[in-house]
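*Asks:* The structure follows.
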Amino acid sequence: MKLIFDHSLSIYNVQNPLIYLEAKREGESAKFMFENGWIVYYKDNQEHWYQTQSSRLKIQEISSKRKNQLSKIKISGHTENKQIETPSYLKLYNHGKFEDFFFDDLFWGRITYVEDQVLFSIMNETKSKKSYGTLSFYYLLKKLINNYEYLYIADYFDIFNYKNKLQGFEYWNGITWK
């Protein structure tokens, strides 16, 4: 693996310099990268990995309550809602395998398949009271149950603390999964 320090993305928080760290794989598997706290993103059709306090969900059966909530949502692979647009930074997101899904023509999410691993890190914001964001995680747990061990769900910082209430939640602390 080749490590890349991009100091233009680094910051100083008055106590510590915070360094942005990327990597390019040199033979490492996607499983190795995810298991060691790396998250993938694509820019200009190139694969990039960044080190972060990442998070994942152990894929397991979801509760009857969650199944019932999902049964009341129209879930599809396309939308007629012209207000849901692919964000401009994803218009060149033409890399490998990804899958979009929509809830009630209001919520949009994208999962990315990297070798034998799966990442959910992109969704739109919606003001609905139906908890689409939370339910999207349960939808994916149900969808992926027999094919994957983990659903990687990107960064875990204070702003994303709602994730720690999700079933099977774990986060990478820089050394191990907690």
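*Asks:* Inside the range 142-157, can you point out the residues that are surrounded by fewer than 16 Cβ atoms within 10 Å (Cβ to Cβ) and of a type in the set (Lys, Arg)?
*Replies:* Lys142
*Asks:* Within the range 139-178, take every residue that is part of a loop (DSSP other than H, G, I, E, B), of a type in the set (Ser, Thr, Tyr) and touching a strand residue (DSSP E or B) at 6+ places or on another chain (Cβ under 6 Å) and give me the one that is farthest from Gln117 (Cα to Cα).
*Replies:* Only one residue tops the list, namely Tyr156.
*Asks:* Right, Ser54: farther than 28 Å from Ala30 by Cα and modelled with pLDDT of 90 or more or not? Outline the logic, then answer.
*Replies:* Working: farther than 28 Å from Ala30 by Cα: no; modelled with pLDDT of 90 or more: yes.
When the stated conditions are applied, Ser54 does not pass them.
*Asks:* Right, next: Collect the residues in the range 1-32 that are out of contact with any Leu (no Cβ under 6 Å at 6 or more places or on another chain), surrounded by 11 or more Cβ atoms within 10 Å (Cβ to Cβ) and in contact (Cβ under 8 Å) with a residue 24 or more places away in the chain, keeping them in residue-number order.
*Replies:* Matches in the range 1-32: Met1, Leu21, Glu22, Lys24, Arg25, Glu28, Ser29, Ala30, Lys31.
*Asks:* Give Lys65, Lys43 a once-over and let me know the one that is modelled with pLDDT under 95 and basic (Lys, Arg). Step through it out loud before you land on a result.
*Replies:* Details: Lys65 fails: modelled with pLDDT under 95.
Going through Lys65, Lys43 in turn, just one is modelled with pLDDT under 95 and basic (Lys, Arg): Lys43.
*Asks:* Within the range 57-85, which residues are polar (S, T, N, Q) and either within 30 Å of Glu26 (Cβ to Cβ) or in contact (Cβ under 8 Å) with a residue 60 or more places away in the chain (or both)?
*Replies:* Within the range 57-85, the subset polar (S, T, N, Q) is 60, 63-64, 68-69, 71, 76, 79, 81, 83.
Gln60, Ser63, Gln69 - these are the residues of the range 57-85 that are polar (S, T, N, Q) and either within 30 Å of Glu26 (Cβ to Cβ) or in contact (Cβ under 8 Å) with a residue 60 or more places away in the chain (or both).
*Asks:* Does Ile84 qualify as being modelled with pLDDT under 85, surrounded by 12 or more Cβ atoms within 10 Å (Cβ to Cβ) and either of a type outside the set (D, E, K, R) or under 20 Å from Ile39 (Cβ atoms) (or both)?
*Replies:* On the way: modelled with pLDDT under 85: yes; surrounded by 12 or more Cβ atoms within 10 Å (Cβ to Cβ): yes; either of a type outside the set (D, E, K, R) or under 20 Å from Ile39 (Cβ atoms) (or both): yes.
Criteria met by Ile84.
*Asks:* Specify the residue that is farthest from Ile62 (Cα to Cα); the eligible residues are those in the range 105-141 that are basic (Lys, Arg) and surrounded by 15 or more Cβ atoms within 10 Å (Cβ to Cβ).
*Replies:* First pass over the range 105-141, keeping only residues basic (Lys, Arg): 110, 127, 129-130.
Restricting the remaining residues to those that are surrounded by 15 or more Cβ atoms within 10 Å (Cβ to Cβ) gives 110, 130.
Working: Arg110: 20, Lys130: 18 Å.
Restricting to residues being basic (Lys, Arg) and surrounded by 15 or more Cβ atoms within 10 Å (Cβ to Cβ), the top hit is Arg110.
*Asks:* Out of (1) surrounded by 13 or more Cβ atoms within 10 Å (Cβ to Cβ); (2) more than 24 Å from Asn164 (Cα to Cα); (3) of a type outside the set (A, V, I, L, M, F, W, C), the odd one out for Lys72 is which?
*Replies:* It fails just one condition, (1).
*Asks:* Count, please, the residues in the range 40-64 that happen to be surrounded by fewer than 21 Cβ atoms within 10 Å (Cβ to Cβ) and either polar (S, T, N, Q) or assigned to a strand (DSSP E or B) (or both).
*Replies:* Of the residues in the range 40-64, 15 are surrounded by fewer than 21 Cβ atoms within 10 Å (Cβ to Cβ) and either polar (S, T, N, Q) or assigned to a strand (DSSP E or B) (or both).
The values are calculated or read from the model by the stated rules, or taken from the named source; none is laboratory data. From a predicted model like this one, the values you see are computed outputs, not experimental measurements. Methodologically, a virtual Cβ is constructed for each residue, glycine included, from the backbone with ideal geometry; neighbour enumeration extends over all protein chains shown.
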